[in-house]
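Below is one structure, written out as structure tokens; the observations come after it.
The values are calculated or read from the model by the stated rules, or taken from the named source; none is laboratory data. Bear in mind the structure is a predicted one, so any value in this text is a computation, not a measurement. Neighbour counts are summed over all protein chains in view; Cβ atoms, including those assigned to glycine, are modelled from backbone coordinates with ideal geometry. The accessibility values were calculated without ligands, DNA or RNA, using every heavy atom of the protein model including side chains. Shrake-Rupley method; radii C 1.70, N 1.55, O 1.52, S 1.80 Å.
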Amino acid sequence: MHRSEVTLDLGAIARNVRTLLRVLDGAELWAVVKADGYGHGATDVAGAALGAGATALCVATVPEALALRREFEGTRIVVLGPLSTSREIGHARDADIELTVSQDEIPDGVRVHLKLDTGMGRFGLRELPDRAANVVGLMTHFATADNDEAFARTQLERFLAATNDHAGVTRHAANSAATLRIPEARLDAVRCGVAVYGLSPFNTDPGDDGLEPALSWQSHLAQVKLLHAGESTGYGRRFVAERDTWIGLVPVGYADGFRRDLTGTTVRVAGERRRAIGTVSMDSFAVELDRELPVGTPVVLLGHGVLAEEHARVADTINYEIVCGINSDPRRTRRTVANG
Ligand SMILES: *Cc1c(COP(=O)(O)O)cnc(C)c1O
């Protein structure tokens, strides 16, 4: 039996894309598949998203874009990250990949999007240069679309004011949060990442926005034992049994992406919610049981009602970081792609 199994549901990706397209009502949907598709598998996600109506792929780096180009000839691919070496710019030009310019010079012979900093305070130009060749897009990025709509609207106004007389160039600003909450921000195209995966940009239940998590992660009880009162499990004796307590050991740990700060989160053991107890080890963690269960009993770490958003709250982070951290190395887990 594999230590764990990560399953990507392409059907869920396609349904999320169609849900977003319904919301968009005309703007293009560009699927953001950087960081190996937020840990889901960029190529598989990209194929499903394009099949469901997405019209471009966005990544963070040129190497990410080149890997996708090998699979998706003729698809629009945009690198959102800052420009790197001239060598990479050359590769992008040869592979017909679009780049984002956020400072200084615009490289020759390659199609670019100019990124304006309207308040993110990160990469981006303070103002647009005089008309430049090869500019196919004008963009900005919101700092607060998930938690401060007023500031996002201020950014949008600045962007519109700066770009209003640039007809014929694709204008795009919205990430998933803005796509769902700020209709005026949708413009010509939106760049959706997290929502495509069925995760909530607001770290709430994705079902509230009609989204369906596409990733599930399952393991099993590799050992079951009775701790007597006063006995502990794991490093540092962080969990000490107050009374006789059945525990199960799950062969997944922080090296697999089940982070050390997930102690206290719940997973599903034989369909029931059970708490992760004690210190999470590199290769395993423990769950508290209410009775003896057989070795091999399924444990759902993610999916089937166990939300990345819940784990994120326990770990004091965001769902993005939970899924990006899952390690799909075949030496540690089995990855499968389903079409549910
Ligand atoms: C990552 C990224 C996105 C996607 O954001 P989500 O919140 O995942 O939808 C959009 N635009 C830019 C510039 C990004 O870097």
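Per-structure values
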read-out: Candidate set from region 267-283 (those that are closer than 23 Å to Asp316 by Cα and outside any loop (DSSP other than H, G, I, E, B)); member that is most open to solvent (accessible area, probe 1.4 Å); value: Arg275
read-out: Test: Ala173 is free of Cβ contacts under 8 Å to residues at least 40 places away in the same chain and under 14 Å from Cys58 (Cα atoms); value: yes
read-out: Residue selected from region 284-325 under the condition within 16 Å of the ligand (Cβ to nearest atom) and crowded, with 21+ Cβ neighbours inside 10 Å, by the criterion nearest to His40 (Cα to Cα); value: Val323
read-out: Qualifying residue in region 166-184 (condition: of a type in the set (Asp, Glu), open to solvent by 70 Å² or more (accessible area, probe 1.4 Å), at pLDDT below 95 and at negative phi); value: no
read-out: Where Val110 falls short, out of the listed (1) without any contact (Cβ under 8 Å) to a residue 12 or more places away in the chain; (2) away from the ligand (no atom under 16 Å from the Cβ); value: (1)
read-out: Considering residues of region 57-77 that are surrounded by fewer than 22 Cβ atoms within 10 Å (Cβ to Cβ) and not in a helix (DSSP H, G or I) only, the residue nearest to the ligand (Cβ to nearest atom); value: Ala60
read-out: Residue in region 40-54 that is open to solvent by 20 Å² or more (accessible area, probe 1.4 Å), of a type in the set (D, E, K, R), in contact (Cβ under 8 Å) with a residue 40 or more places away in the chain and within 13 Å of the ligand (Cβ to nearest atom) present; value: no
read-out: Options Thr55, Thr19, Thr100: the member that is assigned by TED's automatic domain parsing to the domain that holds Val136, in contact with a His (Cβ under 9 Å, 6 or more places away or on another chain) and β-branched (Val, Ile, Thr); value: Thr100
read-out: Residue match in region 155-175 (condition: within 8 Å of the ligand (Cβ to nearest atom), in contact with a strand residue (DSSP E or B) (Cβ under 9 Å, 6 or more places away or on another chain), assigned to a helix (DSSP H, G or I) and closer than 16 Å to Thr55 by Cα); value: no
read-out: Members of region 115-137 that are within 13 Å of the ligand (Cβ to nearest atom) and open to solvent by less than 40 Å² (accessible area, probe 1.4 Å); value: Lys115, Leu116, Asp117, Thr118, Gly124, Gly137
read-out: Criterion (closer than 24 Å to Ala31 by Cβ, without any contact (Cβ under 8 Å) to a residue 24 or more places away in the chain and assigned by TED's automatic domain parsing to the domain that holds Gln103) met by exactly one of Gly137, Gly124; value: Gly124
read-out: Verdict on Glu231 being more than 24 Å from Gly53 (Cβ to Cβ) and in the same structural domain as Tyr320 (by TED's automatic domain parsing); value: yes
read-out: Filtered residues of region 143-154 (kept if within 16 Å of the ligand (Cβ to nearest atom) and either part of a strand (DSSP E or B) or open to solvent by 70 Å² or more (accessible area, probe 1.4 Å) (or both)); value: Asp146, Asn147, Glu149
read-out: Residue among Gly264, Gly236, Gly210, Gly248 that is outside the structural domain of Ser284 (by TED's automatic domain parsing) and either over 25 Å from the mean Cα position of the chain (by Cα) or open to solvent by less than 60 Å² (accessible area, probe 1.4 Å) (or both); value: Gly210
read-out: Checklist (1) part of a helix (DSSP H, G or I); (2) away from the ligand (no atom under 16 Å from the Cβ); (3) in contact (Cβ under 8 Å) with a residue 60 or more places away in the chain applied to Gly207, failing item; value: (3)
read-out: Selected residue [assigned to a helix (DSSP H, G or I) and near the ligand (Cβ under 10 Å from one of its atoms)] from Leu199, Leu180; value: Leu180
